[in-house]
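The values are calculated or read from the model by the stated rules, or taken from the named source; none is laboratory data. Note that the structure is a prediction, hence the values are computed from the model and not measured. Every residue, glycine among them, receives a Cβ derived from its backbone with ideal geometry; neighbour counts consider all protein chains shown. SASA here: full protein model, heavy atoms, side chains in, ligands and nucleic acids out. Shrake-Rupley method; radii C 1.70, N 1.55, O 1.52, S 1.80 Å.
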Amino acid sequence: MGILEEIRECFASTQNGARDLRSLSKEFPAMVIRNNDGYGVAIEFNDERDISENFANSRLFTQIIRIENDERKYLILSCMRDSLRYEFATVCAQFVEPGLDGIERKNLLDDPLNWWKQWRELMGNTISNREAYSVIAEMMVLDDLYKKDNSVEWAAVISGSHDIEGDQGSYEVKSTIKRYGASITISSQHQLQSLKRLYLYFCRLEQSKEGVSINDMKNKLVEDGYDKEKIEQQLFHLGYEKGASVREDKYKVLEKRKYEVDDKFPRIVDSSFKGDHIPDLVTQITYTIDLDGLEYNVW
C-alpha cells in the first residue's frame, strides 16, 4: 500500500487518536491524527519556532502531543471538513513524502512556511483576515494613547462602535497603503458619533523591510506596560494568533494625521436628520469622506 492509499484508509477508519504511517520508513516517520477539531497528518518538529497558519478549512500548526507518557512537538497539517478527506489526503501525502534521500522532508522542516505558501498559492487562497497594515495602524494609535491614558481599550477586537475607547474619548483609526489621496469609508452611522470627545486617526503606510510589524508593535506595547497576555488574546480574536507569519510583515509609516470629529467635521449622524433621528427603516449608512482639505494635527 502506498502513502496516499494508506492515508485515505486511515482517514476513513481512524477515530479519535493517532496512527503511525507504516508505508514510511522508520527514518522518516509520520502519523495520521483525528480528533474533534479535524483530521490530518503530523511530523515530529524539534524546533523552537511556533507555526500557526490557516486558510479555508485547512491549517498548518505546531502542537505538543502526548502519546502514552511521551510528549513531543509536532508539525501538523489538518482539515476540519470531513467531506474533503479523500481530496485532502493528496495534499497530506505530499506533505509527509520524504523524497529522494529525505530531501523533501528536510526542506519542509527547514522552512515549513515556504511549503505552506506554495500550496496556498496553488490552491488559489485569498486571505480573508483584516490586512496587517490596518492592525499595525490601530496598534500604533493604541500605544500612543496608552502611554498617556492606561484606561484605553482596543474595542475593535470585540467589534465595538469605535476602534479604541478610553475614559477621555473615543478613537477611530483609518489606514491606507495608497500613495495618494485620503478618502475613507465610514461603514456605520455610529462610527463618527460618541458621547465623549471623538478623534479620527489616519495613517498612510507602505510595505518595507525597514518598517514595523505586528510583532514589533506587540513588543512595543508590552514595553510600555500593556498586558502581554491581553494583547496576544486580542490578536488571536483578530485572526493573528501567535506563530502566524503575517505578524512579521513590516510596514513603514509615511504619514500620520489626527482629526477632531466636531461640528466642523463632515459626517452623517442622528442630528443630520429631522427630529435628530435616523428614519426607522434605515438600518445602515455607509459613505465616503475626503480628508484632504480638513484641518488636522500630525501625531
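Observations on the structure shown:
- Enumeration of residues in the range 261-281 that are among the aliphatic types (A, V, I, L, M) and open to solvent by 60 Å² or more (accessible area, probe 1.4 Å): LEU281
- For beta carbons closer than 7 Å, sequence separation of 6+ or different chains, a first residue in the range 140-156 that is on the phi > 0 side of the Ramachandran plot and modelled with pLDDT of 95 or more and a second that is part of a helix (DSSP H, G or I) and surrounded by fewer than 22 Cβ atoms within 10 Å (Cβ to Cβ), there are no qualifying pairs.
- SER83 vs. criteria more than 18 Å from ARG19 (Cα to Cα), hydroxyl-bearing (Ser, Thr, Tyr), without any contact (Cβ under 8 Å) to a residue 12 or more places away in the chain and surrounded by fewer than 19 Cβ atoms within 10 Å (Cβ to Cβ): yes
- Failed criterion for LYS196 (all others in (1) free of Cβ contacts under 8 Å to residues at least 40 places away in the same chain; (2) in contact with a strand residue (DSSP E or B) (Cβ under 9 Å, 6 or more places away or on another chain); (3) farther than 19 Å from ASP163 by Cβ; (4) among the basic types (Lys, Arg) hold): (3)
- Test: residue in the range 246-255 that is under 21 Å from SER170 (Cβ atoms) and either in contact with a helix residue (DSSP H, G or I) (Cβ under 9 Å, 6 or more places away or on another chain) or open to solvent by less than 60 Å² (accessible area, probe 1.4 Å) (or both): no
- For the range 30-60, the set of residues classified as at pLDDT 90 or above and surrounded by fewer than 16 Cβ atoms within 10 Å (Cβ to Cβ) consists of GLU44, ASN46, ASP47, GLU48, ARG49, ASP50, listed by residue number.
- Cβ pairs under 9 Å, 6+ apart, first in the range 173-187 and farther than 17 Å from LEU198 by Cα and in contact (Cβ under 8 Å) with a residue 12 or more places away in the chain, second open to solvent by 30 Å² or more (accessible area, probe 1.4 Å) and β-branched (Val, Ile, Thr): SER183/THR288
- In the range 20-49, of all residues being in contact with a Gly (Cβ under 9 Å, 6 or more places away or on another chain) and charged (D, E, K, R), the one that is nearest to GLU5 (Cα to Cα) corresponds to ARG34.
- Pick from the range 177-190, criterion touching a strand residue (DSSP E or B) at 6+ places or on another chain (Cβ under 6 Å) and open to solvent by 20 Å² or more (accessible area, probe 1.4 Å), ranking: nearest to LEU254 (Cα to Cα): ILE177
- Tally of residues being over 21 Å from the mean Cα position of the chain (by Cα), at pLDDT 95 or above and either within 25 Å of SER245 (Cβ to Cβ) or among the hydroxyl-bearing types (Ser, Thr, Tyr) (or both) across the range 184-223: 3
- Boolean, LYS220 is in a loop (DSSP other than H, G, I, E, B) and open to solvent by 50 Å² or more (accessible area, probe 1.4 Å): no
- All positions within the range 86-108 that are crowded, with 16+ Cβ neighbours inside 10 Å, touching a residue at least 60 places away in the same chain (Cβ under 8 Å) and β-branched (Val, Ile, Thr): VAL96
- Across the range 240-286, the qualifying residues are those that are among the hydroxyl-bearing types (Ser, Thr, Tyr) and either at pLDDT 95 or above or part of a helix (DSSP H, G or I) (or both), and the one among them that is nearest to LYS178 (Cα to Cα) is TYR251.
- Strands (runs of 3 or more DSSP E) fully within the range 1-117 counting 1 or more residues that are under 25 Å from PHE236 (Cα atoms): 31-35, 38-44, 52-55, 58-67, 70-79
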